[in-house]
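The values are calculated or read from the model by the stated rules, or taken from the named source; none is laboratory data. This is a predicted model, so every value here is computed, not measured. No Cβ is skipped: glycine too gets one built from the backbone with ideal geometry, and neighbour counts run over all protein chains shown.
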Amino acid sequence: MAKKLIAVIDVGSLTARLKIFEINTKGVPKTIETVRKFTTIGAKSVHGIIPAEQVNELCTCLDAFDLKCKEYKVSHVICVATSTFRDAGNRDVVLEQIRARTGFKIEILDNSMECYYQNLAVRESYPDFDKMIAEGTMLLDIGSGSMQATVYDKSEFIFSQNMVLGSLRISGMLSTLQNRTSHYGDVLEEFIAQDLNDYHAVEPKGITYKHLIAFSGEMSFIRKLAGFDPFAECSLAKEQFMKVYHYLLRTRPSDLTLNDSIPAHVAPLLLPVTMIIKDMLEYTGVDHVYLPHASLSDGVMFSYCHEKFGLHLVMKPSQDLISGARNLAKRYRCDKKHIEFVESAALQIFDCCQKIAGLEGRDRLLLQLAAILHEIGKFVKAKDHNEAAFSLIEYTDLIGLNTDELDTIAYVVRLYPQDSPYDNYYYRNLPSHKKVTISKLTAILRIADSLDASHTEKIKSMSVVLHPDRLHISCEAKSDMSFEEWAFEHRCDLFEDVMGIGTRLRIRRQV
């Protein structure tokens, strides 16, 4: 593969960033130029509406980026935006205006995908990330509008939670208090502590933290105040970090601009960012904080190179998703052995009939996640547990899934116990393409679940063979399978309907 130039434009609340990458013959990206322009989109948005003045400002910025891309003869541009656009009530209108005026089609990242790209940027940029997460590790992604805390332990993704605790949001909400009290730092501390306490109430317990990684759009200025290169990664001992924190606590934003050359619209955000990190340092008990030089744009490019050019990543993209789903099932006290059987059986059936079903590799992952999570609703209620599971999944951050994919998993889990999804009100209101995929994945999960209907793992071995007109499932069981046979007969109708072939279950009793 010849070298290619590809650009990523990241439109944030306070900055728009253009990064131009050179992709070598092995698909490895290298940054060759970065351009950052400060904007007022997040600061000037009123009641969740992006005003026309800020649209004009952004279009002017994008036109300048376009000229830079043409200067380099960039072959492809990826343009993404995060929370400011995600939360804007007029986002669809604004996006169309931008497309018509600049030619850029902006992709709005879901919170889950934004977190995925940020985490990907960190772990691919830091060579010892896989060794670090062998011990308790917390990643703090402090954005302008929200904060994401992600936890790893024993080399596995454990948990992730989003909080409406972004630096710009905090600063904006409390800005009027700064001139009304001489104890602004205490008020800020109370405000942040309230949300962090809510986070601590739901996070997994029993983790011994050894590492804290923090990143945000303002981190280069914090590295600068600590005496490090603003554009290089660094690790600060707790004592070094606290010096920066206390300096920000006693210094007004206007003085930061005058004395430290920090942009006026960034200066008020540094204290909220450092206060969040300080609180997490104290909570985790670690003695240092790692401040990587990795951006959302880097994560987007790593993902693109993996998909298009086969770039080998430090960790498989699906690894965190599967690990996160299993920890979620554990948290809701699901039957582990039953889940493992259903997951294995569902994947065997999928692999056997993927071609005739017209399903894709990504659908396999969605089915696997649905199988792992199909009984989490029983933690809430035994009757209609699938409805409870639907709500739990919809409100869960599964890092690396977009909203459409999360919906697919939630609907498969909601529909699998029902005799027919066609009569379901929610199913009837789905788009046609989603109905087809959800019906096929639901049909597979129904059969897989029926094979362990008693939750006693009677089946010792199983094989699945596809014949021209029928799917044959052969099992060896250690005890009577009458209940499972009955369940299979009542669960196979949907499979035959959506796949167009029959099913047959053969059971051999082990002596």
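Numbers for the structure displayed
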read-out: Matching residues, segment 100-134, being in contact with a Leu (Cβ under 7 Å, 6 or more places away or on another chain), of a type in the set (S, T, N, Q) and surrounded by fewer than 24 Cβ atoms within 10 Å (Cβ to Cβ); value: Thr102, Ser112
read-out: Which listed residue, of Thr137, Thr84, is surrounded by 22 or more Cβ atoms within 10 Å (Cβ to Cβ), within 19 Å of Ile9 (Cβ to Cβ), out of contact with any Cys (no Cβ under 8 Å at 6 or more places or on another chain) and β-branched (Val, Ile, Thr); value: Thr84
read-out: Boolean, Gly27 is of a type in the set (Gly, Ala, Ser) and either part of a strand (DSSP E or B) or within 25 Å of His293 (Cβ to Cβ) (or both); value: yes
read-out: Candidate set from segment 370-400 (those that are small (Gly, Ala, Ser) and either under 16 Å from Gln418 (Cβ atoms) or surrounded by fewer than 18 Cβ atoms within 10 Å (Cβ to Cβ) (or both)); member that is farthest from the chain's Cα centre (by Cα); value: Ala382
read-out: Residue within segment 261-282 that is among the basic types (Lys, Arg), out of contact with any Leu (no Cβ under 8 Å at 6 or more places or on another chain), at pLDDT 95 or above and in the same structural domain as Met138 (by TED's automatic domain parsing) present; value: no
read-out: The lone exception for Asp229 - which of (1) touching a residue at least 40 places away in the same chain (Cβ under 8 Å); (2) not in a helix (DSSP H, G or I) it fails; value: (1)
read-out: Which numbered condition Ser439 fails, given (1) touching a Phe, Trp or Tyr at 6+ places or on another chain (Cβ under 6 Å); (2) outside any loop (DSSP other than H, G, I, E, B); (3) among the polar types (S, T, N, Q); value: (1)
read-out: Conditions (1) of a type outside the set (Phe, Trp, Tyr); (2) touching a Cys at 6+ places or on another chain (Cβ under 7 Å); (3) surrounded by 22 or more Cβ atoms within 10 Å (Cβ to Cβ); number of the one not met by Leu311; value: (3)
read-out: Test: residue in segment 351-369 that is farther than 28 Å from Gln118 by Cβ, under 25 Å from the mean Cα position of the chain (by Cα) and assigned by TED's automatic domain parsing to the domain that holds Glu489; value: yes
read-out: Meets criteria (in contact with a Cys (Cβ under 9 Å, 6 or more places away or on another chain) and hydrophobic (A, V, I, L, M, F, W, C)) for Leu445; value: no
read-out: Count of residues meeting criterion [of a type in the set (Phe, Trp, Tyr) and farther than 20 Å from Leu249 by Cα] in segment 184-214; value: 2
read-out: Every pair of residues 6+ apart whose Cβ atoms lie under 9 Å, when the first sits in segment 413-424 and is free of Cβ contacts under 8 Å to residues at least 24 places away in the same chain while the second is surrounded by 15 or more Cβ atoms within 10 Å (Cβ to Cβ) and in a loop (DSSP other than H, G, I, E, B); value: Asn424/Gln418
read-out: Residue within segment 60-73 that is surrounded by fewer than 18 Cβ atoms within 10 Å (Cβ to Cβ), touching a Phe, Trp or Tyr at 6+ places or on another chain (Cβ under 9 Å) and of a type outside the set (D, E, K, R) present; value: no
read-out: Cys69 vs. criteria touching a strand residue (DSSP E or B) at 6+ places or on another chain (Cβ under 8 Å), modelled with pLDDT of 90 or more and either more than 26 Å from Lys308 (Cβ to Cβ) or assigned by TED's automatic domain parsing to the domain that holds Met219 (or both); value: no
read-out: Meets criteria (without any contact (Cβ under 8 Å) to a residue 40 or more places away in the chain and part of a helix (DSSP H, G or I)) for Glu476; value: no
read-out: Residue in segment 289-303 that is more than 28 Å from Glu233 (Cα to Cα), in contact with a helix residue (DSSP H, G or I) (Cβ under 8 Å, 6 or more places away or on another chain) and modelled with pLDDT of 90 or more present; value: no
read-out: Test: residue in segment 406-424 that is charged (D, E, K, R), surrounded by fewer than 20 Cβ atoms within 10 Å (Cβ to Cβ) and closer than 30 Å to Ser463 by Cβ; value: yes
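Table: residues versus (1) more than 24 Å from Ile393 (Cα to Cα); (2) at pLDDT 80 or above; (3) surrounded by 19 or more Cβ atoms within 10 Å (Cβ to Cβ); (4) aliphatic (A, V, I, L, M).
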site: Ser160; (1), (2), (3), (4): no, yes, yes, no
site: Val164; (1), (2), (3), (4): no, no, no, yes
site: Ser216; (1), (2), (3), (4): yes, yes, yes, no
site: Phe221; (1), (2), (3), (4): yes, yes, yes, no
site: Gly227; (1), (2), (3), (4): yes, yes, no, no
site: Met242; (1), (2), (3), (4): yes, yes, no, yes
